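Asker: My questions will all concern the structure given below.
The values are calculated or read from the model by the stated rules, or taken from the named source; none is laboratory data. Because the structure is predicted, anything quoted here is derived from the model rather than measured. All Cβ positions, glycine included, derive from the backbone under ideal geometry; neighbour counts span all protein chains shown.
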Ligand code: APR
C-alpha cells in the first residue's frame, strides 16, 4: 500500500526462528553445516561435481520442513498482522513456516525449498515434482531442475528489494540469526537512523551490533512477549 501511514514493522528472520519447530540451524556445533560441509552440498561447484548428492540433501531437508509446524514466534507475527499492524517479513529461511502461520507479506532472500528452478534459465521457477527433484527432471527448456535456493557464491536476487523494505522501517525486529552471512546481514545498515532495531536470539548479547537492543531469549518466548506488549500499547513503541 503506497499511502499506508501505519507504523511499519520490518521483521528479519533466520533459522533460529524455526529452531523450536524442529528445523536445524546452521552454525551451531551440531548444526547443519557441521554434518554436511557447505562445499559439498551448497555451492555451484558442489552441484557441478555431484548433483545427485545435492538433490538428495535438499530432498531430505524438504521432508524435515514439511513435518515442521509453525511455532509461537511465527504465529505471534502473523497474528499481529491480522490484528492490523503493518508488517513485512524478510526471511533467510527456505521453509514456509511464516506463510503457514498466516503471514502474507514474506520475502525469501535465500529462496524456497518447496519450489524448483531451472539450471539453464534461473528466472524459470516450477512447482516441485512429486517426491522431490531427481536427476532427469527438466524444465521447459530441457535443463535439469534444481532446488530454488541460493547457494554460497550465488547472487541474492531479492536483495535490492529487501534493502528498500528495510529503508522504510519504523522498527526493525531481527530474530534468530547469527548475522554471519552477507549480504543478508548488511540489511541492518539500511534501517533509518531514527528507527530502533531489536534482536531476539538466545545469543543476542554476543551477536547484536552496537545500537541494537538485545533480547537474549528463544524466539518462541521473546517474539510473543514483544507482540503482546505492542498489542497492549496499540503501537510499536
Ligand atoms: N530462537 C531464536 N534464535 C535461536 C534459537 C531459538 N530458539 N535457537 C538458536 N537460535 C539462534 C542462534 O543463537 C544463532 O544466532 O539462531 C541463530 C542461527 O544462526 P545460523 O546457524 O548462523 O543461521 P542463520 O543466521 O539463519 O544463517 C544465515 O546462512 O547458511 C546460510 O543460507 C543459510 O540462510 C542461512 C544463512
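Asker: Enumerate the strands (runs of 3 or more DSSP E) found wholly within the range 84-186, keeping only those where 2 or more residues are modelled with pLDDT of 95 or more. Even if it seems obvious, please write down each step before you answer.
Answerer: Details: elements: 86-91, 106-108, 111-118, 125-127, 145-149, 171-175.
Correct list: 86-91, 106-108, 111-118, 145-149, 171-175.
Asker: Quick one: count up the residues across the range 105-129 that are without any contact (Cβ under 8 Å) to a residue 24 or more places away in the chain and touching a helix residue (DSSP H, G or I) at 6+ places or on another chain (Cβ under 7 Å).
Answerer: Counting residues in the range 105-129 that are without any contact (Cβ under 8 Å) to a residue 24 or more places away in the chain and touching a helix residue (DSSP H, G or I) at 6+ places or on another chain (Cβ under 7 Å) gives 1.
Asker: Would you mind telling me which numbered condition in (1) within 16 Å of the ligand (Cβ to nearest atom); (2) over 30 Å from residue 168 (Cα atoms); (3) crowded, with 21+ Cβ neighbours inside 10 Å residue 55 fails?
Answerer: Going through (1) within 16 Å of the ligand (Cβ to nearest atom); (2) over 30 Å from residue 168 (Cα atoms); (3) crowded, with 21+ Cβ neighbours inside 10 Å one by one, residue 55 breaks only (1).
Asker: Give the residue, chosen from 154, 161, that is under 18 Å from the mean Cα position of the chain (by Cα), within 30 Å of residue 63 (Cα to Cα) and away from the ligand (no atom under 13 Å from the Cβ). Don't jump to the end; show me each part of the working.
Answerer: On the way: 154 fails: away from the ligand (no atom under 13 Å from the Cβ).
Just a single option satisfies the conditions, and that option is 161.
Asker: Could you tell me which numbered condition residue 197 fails, if it satisfies all but one of (1) closer than 21 Å to residue 82 by Cβ; (2) more than 13 Å from the ligand (Cβ to nearest atom); (3) surrounded by 15 or more Cβ atoms within 10 Å (Cβ to Cβ)?
Answerer: (1)
Asker: List every residue pair whose Cβ atoms lie under 6 Å apart, where the two residues are 6 or more positions apart in sequence or sit on different chains, the first residue falls within the range 79-96 and is under 26 Å from residue 59 (Cβ atoms), and the second residue, located anywhere, is surrounded by fewer than 19 Cβ atoms within 10 Å (Cβ to Cβ).
Answerer: 94/149; 96/114
Asker: Scan the range 200-227 for residues that are without any contact (Cβ under 8 Å) to a residue 12 or more places away in the chain, part of a helix (DSSP H, G or I) and more than 9 Å from the ligand (Cβ to nearest atom) and report the count.
Answerer: Of the residues in the range 200-227, 2 are without any contact (Cβ under 8 Å) to a residue 12 or more places away in the chain, part of a helix (DSSP H, G or I) and more than 9 Å from the ligand (Cβ to nearest atom).
Asker: Moving to a separate point now. Among what's in the range 35-52 and is within 20 Å of the chain's Cα centre (by Cα) and assigned to a helix (DSSP H, G or I), pick the residue that is farthest from the ligand (Cβ to nearest atom).
Answerer: Checking each candidate, the answer is 41.
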